[in-house]
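Only one structure is covered here, and it is reproduced in the block below.
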Amino acid sequence: MENVRNRLGANEALTVGDVAKRCGVKVSTLHFYESKGLIQSTRNTGNQRRYHKQVLRRVSLIKAAQKMGITLAEIKIQLDTLKGKTAPNQKDWQRLSSHWKESLNQRIQSMEKLRDYLTGCIGCGCLSMEACPLYNEDDKLADKGTGAVLIDLKGD
């Protein structure tokens, strides 16, 4: 967290409560994002957090990416490429989202496959295309162990 006092003008500074309300998130979410380096704040003379109004767009991008199943770690990697920009624009979003598209397509394909074979998976309960005895007839994965560690939605 940047600890610069009085850096924002009064008309640009938002309290943590203002940002939380406008973005539809909890204050603790903003604190968490800040601790992970996804957003930044400054401090006023009373040592209270103040956010630049551009953080609203950044939080919106984070929430949109999360809804697509992108992890915060993946989001941070891409946000770090903005080189000091605090508010990603439409061009930035297109560039950032293109990095996630292939991963999303693979997840969608795996989930569609799991959905299509779900009735078979309910019979054995493994919920894994790789470890399922119905689709892994020769038990090729037995040497890797058993249990939830084998659940993988990345496909077979």
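The values are calculated or read from the model by the stated rules, or taken from the named source; none is laboratory data. Since the model is a prediction, treat every value here as computed from it, not as a measurement. Here the Cβ is made from the backbone with ideal geometry for all residues, glycine too, and neighbour counts use every protein chain on show.
Of the residues in the range 30-53, at least one is of a type in the set (S, T, N, Q), surrounded by fewer than 17 Cβ atoms within 10 Å (Cβ to Cβ) and either assigned to a helix (DSSP H, G or I) or at pLDDT below 85 (or both). With respect to residue 61, is the statement that it is surrounded by 17 or more Cβ atoms within 10 Å (Cβ to Cβ) and touching a Pro at 6+ places or on another chain (Cβ under 7 Å) true? Yes: the conditions hold for residue 61.
Scanning the range 81-100 for residues that are among the basic types (Lys, Arg) and surrounded by fewer than 12 Cβ atoms within 10 Å (Cβ to Cβ), which turns out modelled with the lowest pLDDT?
Step one: of the range 81-100, the residues among the basic types (Lys, Arg) are 83, 85, 91, 95.
Then keep just the ones that are surrounded by fewer than 12 Cβ atoms within 10 Å (Cβ to Cβ); that gives 83, 91.
Values: 83: 70, 91: 87.
The selected residue is 83.
Screening residue 78 with (1) loosely packed, with under 11 Cβ neighbours inside 10 Å; (2) at pLDDT 65 or above gives one miss only, at (1). Identify, please: which residue in the range 63-92 is of a type in the set (Val, Ile, Thr) and either touching a Leu at 6+ places or on another chain (Cβ under 6 Å) or part of a loop (DSSP other than H, G, I, E, B) (or both) and is, among those, farthest from residue 38 (Cα to Cα)? Selected residue: 70.
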